[in-house]
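Trainee: The structure under discussion is supplied below as structure tokens; questions concerning it will follow.
The values are calculated or read from the model by the stated rules, or taken from the named source; none is laboratory data. Everything numeric in this text was worked out from a predicted model, so none of it was measured. Neighbour counts run over all protein chains shown; Cβ positions are idealised from the backbone, glycine included. The area values use the complete protein model at the heavy-atom level, side chains included, leaving out ligands, DNA and RNA. Shrake-Rupley method; radii C 1.70, N 1.55, O 1.52, S 1.80 Å.
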Amino acid sequence: MSTVDMDAIFEEVELMQRPHKDKDGGLEEQRRECIIDEERKFVPDDLCRLQEESAIEIHPRATVSRSFGDGSLDGDDQQHVETNTSHPLPTKLYRRRWLIVLIFCLYSLVNAFQWIEYSSISNIIREYYQTKHVAVDWLSMVIMVVYVPFIFPVTWLLDKMGLRVIALLAASLDCLGAWLKTASVRRNLFGVTALGQFVCAVANVFILGMPSRVAGLWFGPKEVSTACSICVFGNQLGIALGFLVPPLVVPNSGDMNQVGERLSMLFYAVAAITSVLFILVFLFFKEKPALPPSPAQAVVWFNTPDEDYSYLRSIRRLTINPNFIMLTFTYGIITAVFYSISTLLNRMIVEQYPGKEVSAGKIGLTLVLVGMLGSIICGFWLDRTKTFKQTTLVMYGTSLLSMILFTFTLSLGHLWVVFLTAACLGFFVAGYIPVGFEFAVELTFPESESTSSGILNASAQVFGVIFILVQGHLVSDYNALAGNLFLCTSLLLGSIMTGFIKSDLRRQKAHEDAMKRQPMKMASDDTPENEGK
């Protein structure tokens with residue numbers, strides 16, 4: 001990427017600082033008196049108005065220099081941006097950011113619910129539709145299979161069209177898939193319910209890569225990791241409800257007519273909720289704030305013109321970033337463990353504890369709820385310590401230990417022990433997911449958050465399909481112990497690989513560099529002076 005001269009971009013602004021002659025030959029006043037750096041100075045009218053309306057400190061000169069790379073890039077692929085301009089790089093936090101996160105969490109929640117709603121009652125679904133276990137497993141795996149070929153065009157679309165378009169597509173597809181399922185409540189219509197799940201799987205592609213992008217575009221440097229965790233929180237809460245609600249609504253009664261009625265009730269309720277969420281996205285989900293939320297984002301917004309951005313070049317840079325490649329593999333492994341446990345939990349629990357479908361759902365609920373707590377705690381921790389590498393390594397190692405405990409206590413005959421070990425497993429495995437997202441953004445900045453997140457999720461889906469198929473066959477042909485030992489071995493390999501990832505925190509370096517050269521005050525709608533604005 002070539003060096004960008006910001007003086008040329010803001011030439012018109014600089015010209016506005018000069019007096020111009022009017023028609024009568026007099027000087028036309030185009031500047032307004034404004035307080036800058038505790039002195040009264042004249043600045044262009046638009047900048048003074050920006051200061052007044054947004055409570056932003058205007059600094060007359062800001063020099064930002066940015067250079068990223070680990071030596072593996074050369075020529076035009078080495079990213080370097082320099083600016084030396086009198087134009088300020090303002091930042092501001094908006095209260096609307098919490099509404100954006102809430103809406104995203106809600107429609108992500110419902111999509112995740114639709115992913116796991118079949119697996120949590122897999123034995124009932126298999127009996128009702130008169131099909132095989134592997135066919136029901138594919139209702140979960142279709143989410144992962146669809147993700148891989150769709151993620152790159154969807155990521156390109158996100159970079160080109162923005163968050164709002166992607167959010168609308170996600171909400172509309174999720175709504176369509178939910179309504180298709182309402183038409184599948186007959187014992188010979190398994191294909192229709194599979195079609196509805198396929199449409200929801202396509203919607204999932206538009207959702208999984210968004211947490212880092214939403215957090216990066218709307219939240220400041222001291223809360224971005226927490227915001228990313230909250231976005232992941234919505235998805236995990238949907239999985240938790242997907243474990244809890246279907247076993248309660250659709251009991252294993254043996255009466256297929258009653259099962260059909262309860263499935264119809266479940267499907268119509270979800271369809272109605274997705275319809276409401278689509279309306280909320282359409283009315284209130286905004287593309288991005290008027291001003292960037294952090295100095296690091298300001299560097300990207302103001303210093304990198306859109307025409308210089310190449311999606312294919314961005315992909316190429318990521319594929320030759322060794323730290324990101326290792327993170328891609330390790331993230332894929334640990335997330336696939338979570339997917340596999342979630343998909344096969346009902347089968348493993350019912351095998352060890354016959355007739356305990358509701359308990360299996362509650363164990364899954366426990367696993368995910370405690371994982372949500374882990375996600376939030378890790379988000380707060382990262383925002384305050386920025387110890388991405390250390391946190392990633394600790395979460396991976398403790399995930400391995402928790403998986404070993406879960407494996408060797410599952411068959412002891414005490415459900416309370418399974419609840420306890422599942423809680424430990426959920427805290428560390430599910431809690432790792434936002435940590436991986438944020439670590440990837442740090443390693444790849446200033447590449448688009450959606451691109452790095454998309455590649456991480458693609459890895460997770462590929463490993464997820466492989467792990468579910470392998471563990472499923474091991475559980476069917478041998479027992480749950482064999483399947484879980486396979487997951488333990490995989491986590492051991494991932495832990496070793498994580499130790500080799502270098503802590504190259506490029507986003508933090510950009511933020512620190514920007515703050516040194518441009519010590520501006522960040523405005524916020526949350527501050528008292530901005531209440532009501």
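Trainee: Mind checking the full-extension length gain between Phe284 and Arg187? Use 0.36 nm per residue of separation minus the Cα-Cα distance, one decimal, nm.
Mentor: Using 0.36 nm per residue and subtracting the Cα-Cα distance, I get 30.9 nm.
Trainee: Take the residue pairs Lys288/Lys386; Lys181/Lys362; Lys386/Lys502; Lys132/Lys181; Lys92/Lys389; Lys389/Lys509 and return only those whose Cα atoms are more than 22 Å apart.
Mentor: Beyond 22 Å between Cα atoms: Lys288/Lys386; Lys181/Lys362; Lys92/Lys389.
Trainee: Same structure, new question: Please give the per residue accessible area of the stretch 115-164, computed with a probe of 1.4 Å over protein heavy atoms only, in Å².
Mentor: In whole numbers, the stretch 115-164 has 38 Å² accessible per residue.
Trainee: Would you tally the net charge around Val368, using a Cβ to Cβ cut-off of less than 15 Å, leaving Val368 out, and scoring K and R as +1, D and E as -1?
Mentor: Details: positive: Lys362; negative: Glu117.
Local net charge: 0.
Trainee: Let me ask something additional. If r is the Cβ-Cβ distance from Asn257 to Ile377 and R0 is 56 Å, what FRET efficiency results, to the nearest 0.05?
Mentor: According to the calculation, E is roughly 0.75.
Trainee: Next up: Suppose each label sits 7 Å from its Cα in the direction of the beta carbon; what would the Phe198-Val462 distance come out to in nanometres?
Mentor: 2.4 nm
Trainee: If you don't mind, there's one more thing I want to ask. Would you calculate the separation in nanometres between label points at Ala272 and Cys488, each defined as 7 Å from the Cα along the Cα-to-beta-carbon direction?
Mentor: Rounded to a tenth, the inter-label distance reads 4.7 nm.
Trainee: Let me ask another. Using the alpha carbons of the stretch 370-480, what is the convex hull volume per residue in cubic angstrom, as a whole number?
Mentor: Taking the convex hull of the Cα positions in the stretch 370-480, it is 101 Å³ per residue.
Trainee: Next question. Tell me the label-point distance for the pair Val249, Lys222, using the 7 Å Cα-to-Cβ offset, in nm and rounded to one decimal.
Mentor: 4.2 nm
Trainee: Distance between Cα centroids, the stretch 110-142 to the stretch 190-269: provide it in whole Å.
Mentor: Each part reduced to its Cα centre gives a spacing of 13 Å.
Trainee: Rounded to the nearest 0.05, what FRET efficiency is calculated for Trp98 and Ile325 with R0 set to 22 Å and r the Cβ-Cβ distance? Write down the numbers at each step before the final one.
Mentor: Working: r = 35 Å, r/R0 = 1.59.
Rounded to the nearest 0.05, the efficiency is 0.05.
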